[in-house]
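The values are calculated or read from the model by the stated rules, or taken from the named source; none is laboratory data. Keep in mind it's a predicted model, so treat the numbers as computed, not measured. No Cβ is skipped: glycine too gets one built from the backbone with ideal geometry, and neighbour counts run over all protein chains shown. Accessible surface areas use protein heavy atoms only, side chains included; no ligands, DNA or RNA. Shrake-Rupley method; radii C 1.70, N 1.55, O 1.52, S 1.80 Å.
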Amino acid sequence: MAACRVEVVASTVEDVLAAAAGGADRVEFCTHLASGGLTPGRALIEQALATAQHSGLGFRVLIRPREGDFVYTPIERQAIVAEAEAVLSLGADKAVCGGLLGGGTIDEVLLKELDQAVGLDKVVFHRAFDEVVDHDEARRQLKAAGVRTVLTSGGRPKAAEGLSAIEETVQSGMEVVVGAGAQPNQVADFVQIGVEAVHASCRVPCAAPEGRLFDAARTRVDEEKVRALVEAVRAVARP
């Protein structure tokens, strides 16, 4: 079994550099982390991708057109597919995306459109998976469509709380990137059940002047937090 990888959530070029300095294997690039992440602008993606490639990091991009739920209109589906095509054509390794229907099931229409446009081997189904009402059925739908990889917390607010569900997804034959609050002292369980990667933000508050009209608070990836996570993951032997 391959070594477990460390994936860091990056939202700036500086975040990518910090992730590389801390020893991460790759980044998932997105903006507006407060809403769970949204797709960055094209120029920023290009800058971050070039930095990641120069640093030897893998590079995935979150494709999510807006905040809120994962139930998308036909127009939003078109935008998701177009963004996935665009970021992959730039050289990103994978597009991280997904969608649901109103009843809490997988949006198979979106998957079909993504498959036709980019191929589902280039897609990671994101944490919309954690919002489904029946994970067994969702896994069946994803596998039948051809999705190989899912980002999940096991349907719980924190990944450490969803360990059993995460293990079920691994045992189903899917490649699992585990995310949501993963800390160095928790990664042993994830590595031992066979997840492909641990996904974490590794962030600290930025020192910034107080905004006069707007909230100026923001965060950044911290190299030392990345290094601590990487060391914790590397210290655990696969079963």
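Just for the chain, what percent of DSSP beta bridges are antiparallel, to the closest 5? Spell out each step's value before the answer.
Numbers: 5 of 33 bridges.
Bridges in the chain are about 15 percent antiparallel.
Cα to Cα, under 18 Å, and not fewer than 8 places away if on the same chain: which lysines meet these conditions relative to residue 122?
The reachable lysines, counting only those whose Cα sits under 18 Å from residue 122, are 94, 112, 143.
Looking at the chain, which longest stretch skips every one of the GluC sites (Glu not before Pro) that is in a DSSP loop with at most 14 other Cβ atoms within 10 Å, leaving the sites themselves out?
Numbers: sites that count: 67, 210.
Free of exposed loop sites, the longest segment is 68-209.
When all protein chains stay in place, what accessible area (Å², nearest 10, 1.4 Å probe) is found for residue 199?
20
Kirkwood Rh and Cα-based Rg: tell me the resulting Rg over Rh for the chain, rounded to two decimals.
Working: Rg = 17.1 Å, Rh = 18.0 Å.
Reported Rg/Rh (Cα atoms, Kirkwood Rh): 0.95.
Once you've got the GNM for the chain with C-alpha springs shorter than 10 Å, pick whichever of 104, 173, 155 has the biggest mean-square fluctuation.
For the chain, modelled as a Gaussian network with Cα springs under 10 Å, the answer is 173.
Calculated from DSSP H runs of 4 or more alone, at -39500 (n - 2.57) each and per residue, what is the 222 nm mean residue ellipticity of the chain, nearest 500?
Working: 8 runs with 89 residues, N = 239.
The helix-only estimate for the chain comes to -11500 deg cm²/dmol at 222 nm.
When the solvent-accessible surface of protein heavy atoms is calculated with a 1.4 angstrom probe, in what order do 94, 158 fall, highest first?
Values: 94 35, 158 105 Å².
Result, largest first: 158, 94.
When ligands, DNA and RNA are left out and all protein chains stay put, how many square angstrom of accessible area per residue does the chain have with a 1.4 Å probe?
On the way: 11070 Å² over 239 residues.
Accessible surface, normalised per residue, equals 46 Å².
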